[in-house]
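**Q** This is the structure I have questions about; it appears just below.
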Amino acid sequence: MRKLDYSRRAEVGEGKTERTYYRDIDQASVEQLARVYREAASPERLGIMAALPTKFEPREAFERSYHHATGGKPSPEITGFSEGLSSPAHVSAESPHEVPEITMHERVHQLSHPHAAELLGPDRYEGMTQELALKALERETRSGEATAYPEQTAFAHRLRARCGDGAVETLYFQGDASELRACLDRSLGPDGAEQLRKRLSGSA
Ligand SMILES: [Zn+2]
């Protein structure tokens, strides 16, 4: 499988169109997820995702798509959205250097188990989505690093360090919270972990 290669960005001005660049980023993201999360992710979801190319749109078109899907106008910091596997993900392409991270984030959303958002709650679900996207991009989260959902992402990173990738990924990709719950029962740490433990206990 290909690894993501951001140096390809340089080729855009050398005969490669933006569209080709985005398509390559999108395909590479799905391939990377299949490789990095092969233990936990659903092969069926990966297959559906691969056949559902992301739509990369200039800001105006992105805002129209967002309005069509949600009835609202996206705030400026919203640069991507997806609705499971019922339709393609949409990525706002006004900042090409941000497209790889946004694309990976939306593709991780699509790969998540349908119950993951409910199990985690909306904020933690976003943070874990971003954490798993950064892992797939082989970018370790560092404190102070600019990323989407910084606090929730840092929390997800600590959870991964505390309970292991397997516990986190089994919840996120398979909707099975038992391993993570057992870990948190063993080691009740900071307040955030306690809150998550309560939420997980309540929704089993
Ligand atoms: Zn998101």
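**Q** Would you be able to say whether some residue in the stretch 106-122 is in contact with an Asp or Glu (Cβ under 8 Å, 6 or more places away or on another chain), buried (at least 18 other Cβ atoms within 10 Å of the Cβ), more than 19 Å from residue 171 (Cα to Cα) and outside the structural domain of residue 158 (by TED's automatic domain parsing)?
**A** No.
**Q** Within the stretch 49-124, considering only helices (runs of 4 or more DSSP H) that don't extend past its boundaries, which have at least 3 residues that are at pLDDT 95 or above and within 12 Å of the ligand (Cβ to nearest atom)?
**A** The qualifying helices (runs of 4 or more DSSP H) are 99-111.
**Q** Let me ask something additional. Which residue out of 54, 70, 103 is touching a residue at least 60 places away in the same chain (Cβ under 8 Å) and not assigned by TED's automatic domain parsing to the domain that holds residue 175?
**A** None of the others qualify; the one that does is 103.
The values are calculated or read from the model by the stated rules, or taken from the named source; none is laboratory data. All of these numbers come straight from a predicted model, not from anything done at the bench. When we count neighbours, we look across all protein chains shown, and the Cβ atoms used for this are built from the backbone with ideal geometry, even at glycine.
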